[in-house]
1. Sort out for me the Cα centre separation of the range 1-17 from the range 159-205, rounded to whole Å.
2. Go through the range 298-311 residue by residue and turn each phi into a ³J(HN,Hα) via Karplus (6.51, -1.76, 1.60, θ = phi - 60°); whole Hz please, and just put x for glycine and proline.
3. Would you mind checking which residues have amide H under 5 Å from residue 129's amide H? H placed 1.01 Å from N; only 5 or more apart, or other chain.
4. Looking only at the chain, where both bridge partners belong to it, what percent of the DSSP beta bridges are antiparallel (to the nearest 5)?
5. Using Cβ contacts closer than 10 Å as the measure, can you line up 273, 217 from fewest to most?
6. With the crude spin-label approximation of a point 7 Å out along Cα→Cβ, what separation in nm comes out for residue 34 versus residue 127?
7. Please arrange 135, 31, 87, 222 by counting, for each residue, the other beta carbons lying within 10 Å of its beta carbon, fewest first.
8. Roughly how many debye, to the nearest 20, is the charge dipole of the range 180-334 about its Cα centre, given +1 on each Lys and Arg Cβ, -1 on each Asp and Glu Cβ, and no other charges?
Amino acid sequence: MITLAVETSCDETALALYSREHGLIGDVLLSQTKIHQEFGGVVPELSAREHTKNLLPLFELLLKKTSFDLNKVDFISFTLTPGLILSLVVGASFAKSVAYALRKPLVPVHHLEGHIYSVFVEKPISYPFLVLIVSGGHTDLYLVKDFGKYEFLGGTLDDAVGESYDKTAKLMGFGYPGGPILDRLAKEGKPSYNLPRPMIEEQTLNMSFSGLKTAVRRIVESGNYSKEDLASSFQEAVLDVLEAKTLKAIELTGVRRLIIVGGVSANSRLRQRFKELSNNLGIELYIPHPKLSTDNAVMIAYAGLERFKRGVTAPDDINPEPNVPLETFGRIWS
Ligand code: KG4
Ligand code: ZN
């Protein structure tokens, strides 16, 4: 069983060919970060234009790289939601055109579902499990009972963690995306600034990160500060909150199998702290390879295969939506 997968929800144009039996056949990815850098974040219209410009050349590159006979593709997987609507539409139109030309079915994938199944690319794990999604657009805790059975436990009420990293880096005068920059910088610093840990003591699994950014702004505006120490302090504050809420979710559900996915799961300190936590408390922990943490089409292919295996395909008039909740999507498409 082989799928061609398409991912264009934000600023990465990505395609993958993936076989259920033999794993990854090949993938290609073009990041637009350099284009958005000067604007300090992703510009939606520019993102859609870049996807339109690059999809066909990337497709050609993928076919050349793999010498793959397209007729062997069984179906096309694509990201339906959530994301920048124009960017999603570009990817969906491409996926539909290829499906039409090959007379093969279409399978929709939720972007966060893709992130969840990025872990399975390396090693399928057993249900149920908890998932902490930490990306540029989402910071959520879910209980996953089976494929498509996603129970929302709590999430950020304002900024996503990746967004908070990006905004904090911007305040400190760095470019986009700020996450990897602060990750590197924090290694040279000490967590010497006293930053808030919003909602950490509350019983709810919801979180808030916008106050943290405001506290960072005050320090930056004071003019005299260590960038390394501030990066380290910011990171420890974020991780204290994520760790506390994850522990609460474990306590609440009794599920001791945890996966952490999304762009911020590439963070080296997050990996270190959660690994220590899992060793100390005997929790099963899975975090994808950093290459699979950030947006890619391999994860979309894997989730698409899981859906197709269950006999679910999409009608020809399916249309992307900017923000269908994961749990709703799971109910509709399972
Ligand atoms: O999952 P992703 O690639 O795209 C979305 O679906 O949002 O996540 C992108 C986010 C950005 O905010 C970026 O700054 C953050 O992931 N990120 C990191 C690291 N690498 C990427 N944050 C902290 N440390 C990193 N090493
Ligand atoms: Zn993502």
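1. 29
2. Per residue, the Karplus-derived 3J(HN,Hα) values read 5, 5, 5, 4, 5, 5, x, 4, 4, 5, 4, 4, 8, x Hz.
3. Residues meeting the amide H criterion: 144.
4. On the way: 27 of 44 bridges.
Of those bridges, close to 60 percent are antiparallel.
5. Details: 273 17, 217 14.
Placing the least packed residue first, the sequence is 217, 273.
6. 4.3
7. Working: 135 24, 31 15, 87 30, 222 8.
Exposure proxy ranking, most exposed first: 222, 31, 135, 87.
8. Values: 21 positive and 19 negative charges, 68 e Å.
Charge dipole, the range 180-334, about its Cα centre: 320 debye, nearest 20.
Read-outs: derived from the displayed coordinates by stated rules, not from any lab. All values derive from a computational prediction rather than experimental measurement. Because the Cβ atoms are built from the backbone with ideal geometry, glycine has one as well, and the counts that use them run over all protein chains shown.
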